[in-house]
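What follows is a short report on a single structure.
The values are calculated or read from the model by the stated rules, or taken from the named source; none is laboratory data. This one's a predicted model, so the numbers in the text were calculated from it and none came from an experiment. Cβ atoms come from the backbone with ideal geometry, glycine included; neighbour counts cover every protein chain shown. The area values use the complete protein model at the heavy-atom level, side chains included, leaving out ligands, DNA and RNA. Shrake-Rupley method; radii C 1.70, N 1.55, O 1.52, S 1.80 Å.
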Amino acid sequence: MSVSNTGLSRPILKIVGAQPPVETGRSALRPRLQSKTSLPSRIAVIGNYLPRQCGIATFTTDLCGAIAAEYGTARLLALPVNDTDQGYDYPARVRWALAQNDVASYQEAARFLNFNNIDMVCLQHEYGIFGGPAGSHILHLLRGLKMPVVTTLHTVLREPDPNQLMVMEEIAELSDRLIVMSQLSSQFLQEIFKVPGSKIDMVPHGVTDLPFLDPNFYKDRFGVEGKAVLLTFGLLSPNKGIENVIQALPQILSKHKNVVYIVAGATHPHILRREGDKYRTHLQDLAKEVGVESNVIFHNRFVSPEEMVEFIGAADIYITPYRHEAQVVSGTLAYAVGAGKAIISTPYWHAIELLDDRRGALVPFQNPDAIAQKTIELLDTPAIRHAMRKRAYLLGREMIWKRVAQGYMESFARVRSDRMKSPHVQFSARVTPKSLNQLPELKLNQLKRLTDDTGMFQHAIFTIPNYREGYTTDDNARALIFTVLAQTRNDQSEKGDSAVDLSVRYLSFLEHAFNPEKGRFRNFLGYDRRWKEAGGSEDCHGRALWALGTVLGRSQDQCLRSAAGRLFEFSLPAAVEFSSPRAWAYTILGIQEYLGSYPGDRDAQKVRSVLSRRLLEMYESIRSPDWQWFENVLAYGNARLPQSMLLAGSACADDRMISAGLEALDWLLAQQRCDINGHFVPIGSQGFYRQGGEKARFDQQPIEAAGAVSACLQAYRVTGDSRWRSEAWSAFNWFLGDNDLQLPLYDSVSGGCRDGLHPDRANENQGAESTLSFLMALLEMSSLPQSEQMEIPS
């Protein structure tokens, strides 16, 4: 019998997480796990969990255990479904339990997962374990998630009813990938539910890694030494067809009088609640009726994983006499194959596939005579039986839980890789309101929250300061630039007064950061007020000069200017020795601000000339028709390089420098534009973009959008071309939600900015760099004439 009896053609399906098979004829691929950085750090598995008595609970528990054994326990938490008000005594891994029929419970679980920064959700799906028509309550949870979802399908129907069809279609849409355990499941998904084959991974049902043992090793545990043992195990229900084996026993016993048939497993809890133990009683009565009562042993209890090993180990022949074909996965059959058992089965779908290539024997449905004849044949011919066992056992090596865990992590890693290349807009994100092409109100709430008596903290946990990470000169320099610029806003007198007070604090930090012995700024200061280094980076020094120049060029506070002037004089000479192009650019920005107030300072002019010439020479040495940039890589803070060229070129009437700056900025913007709808896409920080390499799409940082706003507005001021103003709006709208995920980074409540875009969600922390990037971009856009602030870009 072959799968073609289903009436469907065979699919071509990639098997994930399997070793090359031995003597099976089954195509498989060795797992190629990506680097640990591409693996999710926190995984939530949704599905029933032990001690609840059901196959999904056993599977989910085993899967979590396998992933924890391979990749560490810190990665995992579980969310089972309670089918009773009392619930179950779950282990510590279970952090949240869903109430099966309570829609609110599913919605609350989604909020819980989002709040706990889960990187990946793995759903174990079976229609019957979730509430609502066809288990539709689970859709309320999936719709609310902000992270990727990989769904394992334990049932895929060939003839779904309308509700089942609707639920499966939406689960498929909401899931990044679907994992199936049989080829036929994939076939149904593709031909009936129209799921692309490229979205489906084949990972077999996991099995315990057992040695290839003689069944006699375990028989004394059950008092069946010297007997030939037939076994069926699992939760009892009428569709299991056990009566057909009992009816076959008289014929089997006529040839082999030492045969016993063990039926191991409790009645399915749902059957027990609905009908009591009627089916088991029927089987016991049938055994008496046909005279085999003493040869049938019922073990009426839920079989634990440890007991399962012993039961299967003791079996000479394992029998799955199911009554219907419509079963695409059988965990008990998988366990038997993994243990290397001789198997007799009716031709339900999973059995046809798993027992192919003579790994088992198929008999017709509802046919006790066929069961008897095949059992007698296998008992009569040990050589055939043992060869069947060996073939099953060899296939089972592909199915051990270690391999399955690798297959799941391969699927998870593929999702993260796909999200990096092609971001996925969540359902919840599609309805997020956005106010594009409008300047929001300037709010200093988050800026003040991140500032204490020492200065500005560099990181936040959500919106609260992260004391553990301390302070940086980088962020206090940015904060000083912003607060000085904010003071010049005529319509923000109250905020301007507040900005003056904050400016004093940030400038004091720079004063404290300067190391006169080395002529350099230190960067990292711990919360204990101890410096973690003698000297900071060149970029840090350049930012400090930019901030000091801004104070000298813009501030009306004479005391502030005097203190900044002293520091500027002491720290400027070091910049000439720098090799970092960004440090050159930041220094040029600071010098240009300074020269706004002191245009005749020849020393400052000389440093500006030296650094801008270096940038120009670097650009012209690297530039090619397809790579119009200063370096062989687009990294971070990119737009500040052409911005500084435009500033210096404009101030010095250097057309060559202006031309180079415009060309580089134009090329940069082309690299940071979505090919589909043209929105701004900053170079990702996970790999950047090296010449000849692949462009990183994520993580996207606010610092890039802020730099693009400034550079484009400078190009607009230099050229008068409104195209540059439109480009500035495009970069600013990235903050407001016109981005890959259609999620706003700006928080209208706190006035802060989220720390960037991951492939699947925004980083909800609102640290200094991100918040200041937004605030500085907002000030830049506010510098436009009022009529241009509201203009919708072309």
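Cα atoms only, segment 60-182: Rg and Dmax in Å?
So, for segment 60-182, Rg and Dmax equal 14.2, 41 Å respectively.
Using only alpha carbon positions, build the gyration tensor of segment 257-379, then give the equivalent ellipsoid semi-axes as the square roots of 5 times its eigenvalues, largest first, whole angstrom.
22, 18, 16
What's the percent breakdown of Cα-Cα distances in segment 626-769 across 5 Å bins, shortest bin first?
2, 11, 20, 22, 19, 14, 8, 3, 1, 0
Skipping prolines and chain starts, which residues have an amide H placed within reach, meaning under 5 Å, of the one on residue 236, given they are 5 or more residues away or on another chain?
Those lying under 5 Å, H to H, from residue 236 are 266, 267, 268.
Mind putting a number on the dipole of segment 604-671 about its Cα centre? Charges go on the C-beta only, +1 for Lys and Arg and -1 for Asp and Glu, and I need it in Debye to the nearest 20.
360
Tell me, what is the 1.4 Å probe accessible area of residue 443, in Å² to the nearest 10?
Approximately 50 Å² of residue 443 is accessible to the 1.4 Å probe.
Rounded to the nearest 10 degrees, what's the angle between the helix 368-380 long axis and the longest principal axis of the chain, both from Cα atoms, 0 to 90?
So the helix axis and the longest Cα principal axis differ by about 90 degrees.
Taking just the C-alpha trace of segment 594-684, give me its Rg and Dmax in Å.
Both quantities, over Cα of segment 594-684: 14.7, 49 Å.
Could I have the simple spin-label model distance between residue 293 and residue 788, label points 7 Å from Cα toward Cβ, reported in nm to one decimal?
Reported label-point gap for residue 293 and residue 788 is 9.9 nm.
What is the distance in Å between the Cα centroid of segment 535-609 and that of segment 377-406?
Going from one Cα centre to the other spans 75 Å.
Put +1 on the Cβ of every Lys and Arg and -1 on every Asp and Glu Cβ in segment 170-238; which of 229, 193, 211 then has its Cα farthest towards the positive end of the dipole?
So the residue we want is 229.
What translational D, rounded to a whole number of µm²/s, comes out for segment 583-627 from Stokes-Einstein when the hydrodynamic radius is the Kirkwood one over Cα pairs, at 20 °C and 1.002 mPa s?
188
Using just the Cα positions, wrap segment 322-479 in a convex hull and report its mean projected area in square nanometres, one decimal place.
If you wrap the Cα atoms of segment 322-479 in a convex hull and average its projections, you get 17.6 nm².
What is the dipole size for the chain, taken about its Cα centre, with +1 at each Lys and Arg Cβ and -1 at each Asp and Glu Cβ, in debye to the nearest 20?
1220
Gain in length, residue 468 to residue 530, computed as 0.36 nm per residue apart minus the alpha-carbon separation, to one decimal in nm?
Separation in residues times 0.36 nm, less the Cα-Cα distance, equals 21.1 nm.
Heavy atoms only, probe 1.4 Å: what % of the accessible area of segment 309-426 goes to carbon and sulfur, would you let me know?
C and S fraction of accessible area: 50 percent.
Given only helices, namely DSSP H runs of n ≥ 4 each adding -39500 (n - 2.57), what is the per-residue ellipticity at 222 nm of the chain, to the nearest 500 deg cm²/dmol?
Calculated mean residue ellipticity at 222 nm is -14500 deg cm²/dmol.
Under the rule of at least 5 residues apart or a separate chain, name every residue whose amide H is placed under 5 Å from the amide H of residue 45.
77, 78, 79, 122
Per 0.36 nm of contour for each residue apart, how much would the distance between residue 209 and residue 159 grow if the chain were fully extended, relative to their Cα-Cα spacing?
14.5 nm
Probe radius 1.4 Å, ligands and nucleic acids ignored: give me the carbon and sulfur share of the accessible area of segment 459-578 as a rounded percent.
48
Choose one of 715, 88, 652: the residue whose Cα lies farthest towards the positive end of the charge dipole of the chain (beta-carbon charges +1 Lys, Arg; -1 Asp, Glu; about the Cα centre).
Toward the positive end, the furthest listed residue is 88.
Out of residues 5 or more away from residue 201 or on other chains, whose amide H comes under 5 Å of its own, with H placed 1.01 Å from N in the peptide plane?
For residue 201, whose amide H was placed from the backbone, the distant partners under 5 Å are 178, 179, 180.
Output wanted: per-residue J couplings in Hz (rounded whole) for segment 278-283, from phi through Karplus 6.51 cos²θ - 1.76 cosθ + 1.60, θ = phi - 60°, x for Gly and Pro.
Those phi angles translate into 4, 5, 5, 4, 4, 5 Hz.
Along each principal axis of its Cα atoms, how long is segment 221-323 end to end? Whole angstroms, biggest number first, please.
Cα spread of segment 221-323 along its principal axes, largest to smallest: 39, 33, 22 Å.
Could you state the angle between the C-alpha long axis of helix 473-487 and the longest principal axis of the C-alpha atoms of the chain, as a value from 0 to 90 degrees rounded to the nearest 10?
60
Taking the dipole about the Cα centre of segment 538-619, with the C-beta of Lys and Arg at +1 and of Asp and Glu at -1, give me whichever of 556, 542, 572 is farthest to the positive side.
So the residue furthest toward the plus end is 556.
Taking every Cα atom in segment 451-598, find the radius of gyration and the maximum pairwise distance Dmax, and write them in Å.
14.6, 43
May I ask you to give the percent of accessible area on segment 579-646 that is carbon plus sulfur, with a probe radius of 1.4 Å?
47
With a 1.4 Å probe and every protein chain left in place, work out the accessible area per residue of the chain in Å², rounded to a whole number.
39
How long are the semi-axes of the equivalent ellipsoid of the chain, taking √(5λ) for every eigenvalue λ of the Cα gyration tensor, in whole Å from largest down?
Whole-Å semi-axes of the equivalent ellipsoid: 69, 24, 23.
Please report the spacing between the Cα centers of segment 206-232 and segment 143-163 in Å, no decimals.
37
Tell me, what ³J(HN,Hα) does each residue in segment 322-337 have, in order and in whole Hz, if you take phi through Karplus 6.51 cos²θ - 1.76 cosθ + 1.60 with θ = phi - 60° and put x for Gly and Pro?
3, 8, 10, 7, 7, 9, 8, 9, 10, x, 5, 5, 4, 4, 5, 4
Step by step: find N for segment 196-269, compute 2.2 N^0.38 Å, then divide the Cα radius of gyration by it. What's the final number?
That ratio works out to 1.53.
In degrees between 0 and 90, to the nearest 10, how far off the longest principal axis of the chain does helix 655-671 point, with axes built from Cα atoms?
Compared with the principal axis, the helix lies near 20 degrees.
Ignoring ligands and nucleic acids, what accessible area does residue 464 show with a 1.4 Å probe (Å², nearest 10)?
100
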